[in-house]
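Let me begin by presenting the structure, written as structure tokens, before commenting on it.
The values are calculated or read from the model by the stated rules, or taken from the named source; none is laboratory data. As the structure is a prediction and not an experimental result, all values here were calculated from the model. Ideal geometry is used to build each Cβ from the backbone, glycine not excepted, and the neighbour counts take in all protein chains shown. Just the protein is used for accessible areas: all its heavy atoms, side chains included, with ligands, DNA and RNA removed. Shrake-Rupley method; radii C 1.70, N 1.55, O 1.52, S 1.80 Å.
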Amino acid sequence: MNESGFGITQKQGAWVIRMWWPTGPITGGPQRITVEAAEGSAGRDVARGISTTVLRRLDLAAAVKLAESAPELQEGMEEVTAKVEEAGSSAGLLLANEGVSEAYLAMLAATYKTMADLGAPAPVPWLARLVGRRPETLKDHLKRARREGYLTTVAGKAGGELTEKATEVLTACAKSGDDQD
């Protein structure tokens, strides 16, 4: 496996449990868990298989806390946060220059989705600060982005998925920006 990330290993009885997170911010539990017989485990313990007791003893909370403090992941978090801040500021410039345009709504939707995917506890106030508008105004803009087909809705949660329409607008904006260089 040639993926960059961070792993934590716990031993429970005859079993070794490995948890893995990709490089970047920790927004919850691991994205992969493997359970394998520990080296030198008694054959009779392994022959019974993995029990629910082994799984219940898995200390996910401690693993997440340890993963969150990993320096290599914190570096990734700072880099991602800087990119999100830049995208939010770009949305603010689009709003100032073009008003509530297609490009602005697509950039707003993309930045909001990224913030939500990162597990930001309050993406709307953060994005409002970057765009330079009140949170209430930003909520209206996000509703419009959803209504006009740039961002899907996830019931009861922040975020959503970018639509094909949003992706096309962002691609066109990137191409026109490349043409001006």
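The table below lists the values:
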item	result
Subset of segment 96-107 (residues that are in a helix (DSSP H, G or I) and free of Cβ contacts under 8 Å to residues at least 40 places away in the same chain)	A96, N97, E98, Y104
All positions within segment 125-144 that are of a type in the set (G, A, S) and more than 20 Å from the chain's Cα centre (by Cα)	G132
Meets criteria (at pLDDT 85 or above, open to solvent by 30 Å² or more (accessible area, probe 1.4 Å), over 24 Å from K157 (Cα atoms) and over 14 Å from the mean Cα position of the chain (by Cα)) for G49	no
Candidates Q10, Q31, filtered to the one that is at pLDDT 85 or above, closer than 29 Å to T114 by Cα and out of contact with any Ser or Thr (no Cβ under 9 Å at 6 or more places or on another chain)	Q31
Selection status of A166, surrounded by 18 or more Cβ atoms within 10 Å (Cβ to Cβ), closer than 23 Å to I26 by Cα, touching a helix residue (DSSP H, G or I) at 6+ places or on another chain (Cβ under 8 Å) and touching a residue at least 60 places away in the same chain (Cβ under 8 Å)	no
Residue ID - nearest to K83 (Cα to Cα), chosen from residues in segment 18-39 that are touching a helix residue (DSSP H, G or I) at 6+ places or on another chain (Cβ under 8 Å) and assigned to a strand (DSSP E or B)	W21
Residues within segment 140-165 that are farther than 14 Å from D117 by Cα and among the β-branched types (V, I, T), tallied	1
Yes/no for T111 being modelled with pLDDT of 90 or more, open to solvent by less than 50 Å² (accessible area, probe 1.4 Å) and either under 25 Å from Q31 (Cα atoms) or not in a helix (DSSP H, G or I) (or both)	yes
Single residue of K175, K157 found to be surrounded by fewer than 17 Cβ atoms within 10 Å (Cβ to Cβ), of a type in the set (K, R) and in a loop (DSSP other than H, G, I, E, B)	K157
